[in-house]
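Written out below as structure tokens is the structure these notes cover.
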Amino acid sequence: MFFIWPPQPQFTGGGAGPTERQHVMGLLNRSRIDRRACLVGAALACMAPWRASAQTAIKFSLDGRLEGLAATFFLPQDRGYFRAQELQVTVDEATSALEPITRVASGAYEMGLADINTLIKYRDQHPSPPLKAVFMVYNKPPFAIVARRSRGITEPKDLEGKRLGAPPAGITFGEWPLFAKINHIDLSKVTIETIGIPVRAPMLAAGQIDAALGYSFRLYVDLKDRGVPADDIVLMPMADYGLKLYG
């Protein structure tokens with residue numbers, strides 16, 4: 001995950017002066033608990049006209065629905081970090097992994113949170129405008145296989161003979177064939193159930209599928225919310241099983 005924005009953002013006043021730089025560094029020097037939120041504030045501040053007399057409006061797109069990760073963006077808003085930099089930031093949900101990219105590409109949004117693999121594919125198909133990735137959010141990709149221990153799955157090879165829920169619109173679906181190859185999974189022995197993202201966790205919790213593709217933290221929380229015991233949830237982050245896309 002990373003922040004994206006259009007190339008060559010326009011600044012007024014010839015760039016940041018000493019006072020403005022101190023504001024940004026002040027964001028970065030706050031407590032470690034707030035570090036990520038401060039980095040968000042600093043990144044957004046770097047886009048804004050430094051000597052604007054009024055607050056600069058910035059529209060920021062999430063990569064999906066409103067959930068725990070969004071606290072990274074609402075914390076600096078609640079604590080006034082954006083306001084201190086004369087920024088008026090609006091954070092909106094997205095309906096798909098591609099939407100934050102198309103929003104920024106169209107000029108409707110100044111920044112977004114998106115998957116770098118999706119951006120690479122988008123830029124290959126749409127070379128103009130050349131969107132830029134400017135900040136990685138995760139130390140390693142959250143792509144994962146999430147399974148139920150009670151369904152007889154504790155490692156990747158156990159997926160053979162099982163039903164795997166795979167939302168085609170999900171980012172993780174594109175990584176599945178490579179993950180299977182690295183972990184010597186016979187694809188012909190895995191039944192792929194094409195499902196929508198909204199029904200992924202309910203179907204896994206109900207036992208209608210044995211495992212699902214998705215972000216590890218999202219599915220874990222969704223399953224616990226639906227009463228699945230924590231010790232029955234098996235997380236298999238792809239990065240821990242040979243698929244090191246970045247980090």
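The values are calculated or read from the model by the stated rules, or taken from the named source; none is laboratory data. These figures come from a predicted structure and were not determined experimentally. Quick reminder, even Gly has a Cβ in these numbers, built from the backbone with ideal geometry, and neighbours come from all protein chains shown.
In table form, for the structure just shown:
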| read-out | value |
| --- | --- |
| Pairs with Cβ under 6 Å, 6+ apart, first in the stretch 89-100 and assigned by TED's automatic domain parsing to the domain that holds Leu66, second in a loop (DSSP other than H, G, I, E, B) and of a type in the set (D, E, K, R) | Glu93/Arg65; Ala94/Asp63; Ala97/Asp63; Ala97/Asp115; Pro100/Asp63 |
| Listing of helices (runs of 4 or more DSSP H) fully contained in the stretch 176-243 that carry 1 or more residues being of a type in the set (S, T, N, Q) | 216-225 |
| Any chance Pro129 is closer than 30 Å to Ala105 by Cα, in the same structural domain as Ala114 (by TED's automatic domain parsing) and in contact (Cβ under 8 Å) with a residue 12 or more places away in the chain | yes |
| Number of the exception - Val146 against (1) surrounded by 14 or more Cβ atoms within 10 Å (Cβ to Cβ); (2) under 28 Å from Ile58 (Cβ atoms) | (2) |
| Residue among Asp78, Asp63, Asp124, Asp115 that is acidic (Asp, Glu), outside the structural domain of Leu235 (by TED's automatic domain parsing) and over 19 Å from Ile171 (Cβ atoms) | Asp78 |
| For Gly165: the one exception among (1) buried (at least 21 other Cβ atoms within 10 Å of the Cβ); (2) farther than 22 Å from Gly242 by Cα | (2) |
| Positions within the stretch 199-247 being of a type in the set (Lys, Arg), over 23 Å from Ile185 (Cα atoms) and surrounded by fewer than 18 Cβ atoms within 10 Å (Cβ to Cβ), in sequence order | Lys224, Arg226 |
| Per-region count, the stretch 145-187, residues closer than 26 Å to Met111 by Cα and among the aliphatic types (A, V, I, L, M) | 2 |
| Output for the stretch 64-96, where each listed residue is at pLDDT below 90 and either charged (D, E, K, R) or within 12 Å of the chain's Cα centre (by Cα) (or both) | Gly64, Arg65, Leu66, Glu67, Gly68, Leu69, Ala70, Thr72, Ser96 |
